[in-house]
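The values are calculated or read from the model by the stated rules, or taken from the named source; none is laboratory data. Quantities reported herein were computed from a predicted structural model and do not represent experimental measurements. For neighbour counting, all protein chains shown are included, and Cβ atoms are generated from backbone atoms with ideal geometry for every residue, glycine included.
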């Protein structure tokens with residue numbers, strides 16, 4: 001399961017409202033190789049799941065799609081949004097991350 005905070009839901013809806021290509025799309029969350037800790041998060045919008053194996057999570061009308069390989073690293077993660085003094089952006093509270101980099105965009109499991 002991927003949990004989506006209310007702040008993340010609000011930000012996704014704000015982006016969807018301002019970008020016509022994302023209006024009816026779902027947020028795709030992926031784990032890809034790279035970054036200073038070995039793996040990094042990738043976000044984008046997709047009109048629909050790519051395969052029947054994709055996992056779909058929903059909160060307040062916002063859908064998040066995760067492919068099966070990425071889900072192995074993301075199970076139990078909370079997707080949050082921060083707009084504080086330390087930076088603005090999506091934040092992954094990932095219990096599977098053994099180590100993260102200083103910027104929080106990459107991790108190792």
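Of all residues in the range 21-65, those satisfying the criterion of being in contact with a helix residue (DSSP H, G or I) (Cβ under 6 Å, 6 or more places away or on another chain) and either part of a strand (DSSP E or B) or at pLDDT below 95 (or both) are 22, 23, 27, 30, 31, 45, 55, 59, 62. For the range 31-64, give me each residue that is surrounded by 15 or more Cβ atoms within 10 Å (Cβ to Cβ) and in contact (Cβ under 8 Å) with a residue 60 or more places away in the chain. If the condition is that a residue be surrounded by 15 or more Cβ atoms within 10 Å (Cβ to Cβ) and in contact (Cβ under 8 Å) with a residue 60 or more places away in the chain, then 35, 37, 39, 40, 41, 64 are the ones that fit. Looking only at the range 1-20, residues that are more than 17 Å from residue 95 (Cβ to Cβ) and touching a helix residue (DSSP H, G or I) at 6+ places or on another chain (Cβ under 8 Å) come to 2 in all.
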